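Heads up, the thing below is written out as structure tokens.
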Amino acid sequence: MVSGELRWLLGLAVCLAGGPAAAGSAPSGATAFQAPLQVEVLDPTVPEPTAAEVTGGSLDGHFRPFSPRGSHRIKTTLWFRLPPLEPAPEAGTAVLLARSGMDQPVEIFARRKDTVVALRATTVVPKFGGGQDTVLALDPPPDPGSALYARVSRTGGTTTDLQFATSTLERTLARAASHSRVISFAFGALMAMALSALLVRFVLTDPLYPLYGTLFGLHAIYLAYCSGEGFSWPLLSWARPLGNYAWNVPIAVCGTAASLFVREFANLRLFSERVYRAFGWLALAFLVLAASNVLRLVGLAVLVANIGNLMFLGSAVFTLLVSFLAWRRGNRAAGWFLIAWALLCTFQIATTAVWLVSDWREDKSDALLYYGLAPSMVAAAVLIALGVADRMRAQNVALTEAERRAQTDALTGVLNRPTLIERFDAACLRMQRRGLPLSVLFIDLDHFKQINDTCGHAAGDACLSAVIAPIQAELRQSDVIGRYGGEEFVVVLTGADEAAAVPVARRICQRVAQVQVEGFSAPIRLSCSIGVASSDTLQVWGQHLIAQADAAVYAAKRAGRNRVHRSTGVAYGP
């Protein structure tokens, strides 16, 4: 019988993003090892047996056949009797594998030279769904024909069926290393794409990017914790006491991010306002589901899991139907989603179904979990990223790459000189018609040639890029900034007279003086000189105004640099 927590896996398998649902435990069929052992469990009616009584054999008549399926529900300490072990069929160090829940103590007692000894745990291998394999060395081997005894303390939120098997240490460690590499690669790829999307948000205001980053960032966290690998990683190990909450809560929140992502990704507001709002309510429902995980503390884990399953499955069907209809109406983004769902989610459903119902051996179940599940999540992220890129391309079809390059400076991102002059002339005409003043700030970086000569052109480029943000921090949306020459920038302040322009220039000068560029031997401190020319005091416009500001810059440099100078000749300190 499949555990309630495990049903989360089937729910996520059909989640729209192509990842698996939150899993709680592995079914007994998926816990098969190289050589599973048929064990017996001590009758629970035996009152508090001691280790000496059990290992001495006096209670052997009280052991009963044990079925691993559904044993995750048992919350008490259990004693097991393992059959005498056969020699390992392959070369290597023989080991006993004991699968239990995470951080649940497993003790194995064996008889060596007629003396009962506790086997030493060589290592612990994390497994999917909150399980772990305790690896115990069988070197030297137990006495031939002697049974082994195991004591498993079922503490905390047990979510894994108990299972025992034999293998070799070399084979076990090789598999563990391979699985760890796959999970690490998938986690790194998902996190890299998620963080990249979140950083893009600082450049583009489209809400799709933070939603994408959140969606696949949560997928990465889910994968790390559900596989068990993340509990031993730096920065993630703090969640170990949370157990299955560490992946159940993130995947429920992932449902929220997925609902919001799909409605933006597929432009559902244009398709149907009612459907758009429905996805908003669905996102809220998944948040409630995430919060409802606290009900597990009062014994409602199965109820929460069943509700989660219905929500994941229902939302997947609903999303598929809506996306199909939107695609039929010409929505390209919805078509991208359909491709991702068809290629990845269908695979996830089939994989999860086989994992739940089959009794495959370890190599086959591991192939599904590690070499199917994890890479398919990365593939889903890549496919959706391609869809996002296609959506952005469609939105910007009117603005070609050549036009964007023609208007901006490649290094600094501000307007280049031709576009700057064009915007400046238009602003002059507009202000003259309205009878408003206009001011020009001519900004020149101090000692820039010396920086290039001593630190290299890469350092100079870094300095040019570094001063843009401080300058823009003092500008309004209506103001214009462009690169006029090598280290020269021109700022056009529309509607600003000299009294308003000078304080802006002084603040820019102060901000630039606080910039420090690192990464090129010693830190580089920057400063600038600024010339201010205003139409209200000079009564000139156009190129004459820029020429006056340029002349004021040279006056500022002669006066000591790192200062503001008005075209009238009065200098101000920074």
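The values are calculated or read from the model by the stated rules, or taken from the named source; none is laboratory data. Please read these numbers as outputs of a predicted model, since none were measured by experiment. Counting neighbours? That spans all protein chains shown, and the Cβs are built from the backbone with ideal geometry, glycine included. Each accessible area value is taken on the protein alone, full model and side chains, heavy atoms only, with ligands, DNA and RNA left out. Shrake-Rupley method; radii C 1.70, N 1.55, O 1.52, S 1.80 Å.
A few comments on the model shown:
- The apolar share of the surface of the range 406-554, taken as the fraction of accessible area on carbon and sulfur atoms (1.4 Å probe, ligands and nucleic acids excluded), comes to 49 percent.
- Summed over the residues of the range 169-269 and divided among them, the accessible surface reaches 40 Å² per residue at a probe radius of 1.4 Å.
- P(r) of the range 461-529 over all Cα-Cα pairs, binned every 5 Å from zero, in whole percent: 3, 15, 27, 25, 16, 8, 4, 2, 0
- Dipole of the range 125-274, positive direction: furthest Cα of Ile251, Leu235, Ser153, with charges on the beta-carbon: Ile251
- Near-label residues of the range 211-231 by backbone N, under 15 Å of a point 7 Å along Cα→Cβ of Arg277: none
- Probing with 1.4 Å while keeping every protein chain in the model, the per residue accessible area of the range 49-109 equals 48 Å².
- As a fraction of the 1.4 Å probe accessible area of the range 235-286, surface on carbon and sulfur atoms comes out at 67 percent.
- Tail beyond 15 Å, pair distance distribution of the range 100-154 (Cα, percent): 50 percent
- Entry note, the range 114-262: relative contact order of 24 percent, from Cα contacts under 8 Å with a spacing of 6+ residues.
- Share of carbon and sulfur in the accessible heavy-atom surface of the range 95-154 [1.4 Å probe, %]: 52 percent
- DSSP-loop trypsin sites (Lys or Arg not before Pro) across the range 427-486, with at most 16 other Cβ within 10 angstrom: Arg476
- Rg and Dmax, both from the Cα atoms of the range 37-103 and both in Å, are 13.9, 42.
- Averaging over all projection directions, the Cα-based convex hull of the range 199-297 occupies 7.4 nm² in the image plane.
- For the range 327-335, 3J(HN,Hα) per residue [Karplus equation, 6.51 cos²θ - 1.76 cosθ + 1.60, θ = phi - 60°, Hz, x = Gly/Pro]: 5, 4, 8, x, 7, 5, 4, 4, x
- Other-chain or far-sequence residues with amide H under 5 Å of Leu148's (modelled H): Leu82
- Oblate is the label for the range 53-153, because the ratio a/c of its alpha-carbon gyration tensor axes (a ≥ b ≥ c) is 1.5 or higher and a/b is not greater than b/c.
- Ranking Leu464, Leu538, Ala513 by how far each Cα lies toward the positive end of the dipole of the range 461-542 (charges on Cβ) leaves Ala513 at the top.
- FRET efficiency, 1/(1 + (r/R0)^6) with R0 56 Å, evaluated for Arg73 and Asn396 via beta carbons: 0.50
- 1.4 Å probe accessible area per residue over the range 398-541, in Å²: 48 Å²
- With all pairs of separate Cα atoms included, the range 455-574 yields a Kirkwood hydrodynamic radius of 14.8 Å.
- Extended-chain gain in nm, criterion 0.36 nm per residue less alpha-carbon gap, Lys449 and Gln514: 21.4 nm
- Per residue convex hull volume, Cα atoms of the range 107-203, in Å³: 123 Å³
- Equivalent ellipsoid semi-axes, the range 139-257, via Cα gyration tensor eigenvalues times 5, rooted, Å: 40, 17, 10
- Its convex hull of Cα atoms gives the range 401-516 a direction-averaged projected area, equal to a quarter of the hull surface, of 7.6 nm².
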